[in-house]
Amino acid sequence: MTIMTDMRQYIEANGNLPPDCVLGYIAWFSVNDAAYDAEQLVKDFDRLQLNSSLLPAPLRTDDAFEKASKEIDKFKYAIIGGHTAEILIREVSRDSRTITRHMIREVKDSAGRRLLYEKVGELVFYKGATRGGIVDQSSARCRAALDPSLSPSERDILTPVVRQFTEAYHRFRDFHDGQKIRGILRNYLVYLNAVQMKPSVYFVHSSRSDELERLKAFADGLGTASLMLLPQADLPRLRQDIIDAFQEEAVKDLQQVIVDITKLRASRSGDIRYEAFTKIKKDYDRVMRKASEYSRTLQIDQDRTAGAAELAVDALMALQVDVMKTLDKVVA
């Protein structure tokens, strides 16, 4: 009881356990759905010296146009005579420079019979200029316009719809959503060789604490997200819980490598491509690097994972033989 009281007092005073007592951290995060400035994410990663390769792929303006179009698809409103009008977005052309979609008004009666189907507006996307083989996303433009023949009353209804499209385009062009931020945090924890204790809850070893704290600063700095870290004391029972979770995860990952190899060899219609082999080899190497790290930091006896690792490497070697035969054919 005295030991626990002293530990609690130390944590309250210092915000953590003494460094030599910390095995690692239980980590979990929460992210609200919001608009997250893509450029600011890059700046934050640079400032905190985080691995920028784990940021989402750069936003694309053509993707933003397509997503914004979906935002206003199937907009419904009532018209005179008890009929219902619905705005349908239909693509009419696409080439290397532009994407054109029409706003189609479909009118139906109360029985659902189509009475009218005609264009009432147009959405046009102009792709950015290509410089040095790279598309300059900042030079892309889009235009949204209603048909000039619309009545004033219908124009009043559809003008906010066009505005909604334009606002959605700018949001999708410049901002990531909450799901992308969750992906960043999840992938970064995996990059730190975190062990998944249960869904959305991870253990990160204390040897990664510096980078983990910087990741926490990134998440907390967003204002609508947070990364919580609970220090784990280096006690026998807690250590064994981590070891058990790691070994269970390692065996599962190695078994998946074997499954992927079996599927690849069984489903091939011809020679196995070298790219397919390197992808599976990369997965295997990732599992083994993690196993090596945890064997060193937690002094794990690898009896539970040795069998799965042996089966995986045998399957990988057999796959490599198939790939080498393919390469020999090419050379010949």
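The values are calculated or read from the model by the stated rules, or taken from the named source; none is laboratory data. Owing to the predicted nature of the structure, the values given are computational and were not obtained by experimental measurement. Here the Cβ positions follow ideal geometry from the backbone for every residue, glycine too, while neighbour counts run over all protein chains shown. Quick note on the areas: whole protein, heavy atoms, side chains included, nothing else; ligands and nucleic acids left out. Shrake-Rupley method; radii C 1.70, N 1.55, O 1.52, S 1.80 Å.
Within the range 182-205, residues that are within 17 Å of residue 31 (Cβ to Cβ) sit with their Cβ atoms under 9 Å from residues that are among the acidic types (Asp, Glu) and assigned to a helix (DSSP H, G or I), at 6+ positions apart or across chains, in these pairs: 188/211. Set side by side, the residues 83, 102 differ, and just one is modelled with pLDDT of 95 or more and open to solvent by 30 Å² or more (accessible area, probe 1.4 Å), which is 102. Against the test of being open to solvent by less than 60 Å² (accessible area, probe 1.4 Å), acidic (Asp, Glu) and out of contact with any Ser or Thr (no Cβ under 6 Å at 6 or more places or on another chain), the options 63, 95, 73 yield a single qualifying residue, 73.
Out of everything in the range 260-272 that is surrounded by 12 or more Cβ atoms within 10 Å (Cβ to Cβ) and assigned to a helix (DSSP H, G or I), what residue ends up being nearest to the chain's Cα centre (by Cα)? In this case the residue turns out to be 260.
Of the residues examined, residue 226 is one that is surrounded by fewer than 18 Cβ atoms within 10 Å (Cβ to Cβ) and not in a helix (DSSP H, G or I). Apart from one condition, residue 58 fits all of (1) touching an Asp or Glu at 6+ places or on another chain (Cβ under 9 Å); (2) open to solvent by 20 Å² or more (accessible area, probe 1.4 Å); (3) closer than 30 Å to residue 216 by Cα; (4) not in a helix (DSSP H, G or I); the exception is (1). If you go through the range 300-319 and keep only what is closer than 25 Å to residue 241 by Cβ and either modelled with pLDDT of 85 or more or surrounded by fewer than 18 Cβ atoms within 10 Å (Cβ to Cβ) (or both), you end up with 301, 302, 303, 304, 306, 307. Among the conditions (1) among the β-branched types (Val, Ile, Thr); (2) open to solvent by 30 Å² or more (accessible area, probe 1.4 Å); (3) over 25 Å from residue 47 (Cα atoms), residue 242 misses just one, which is (2).
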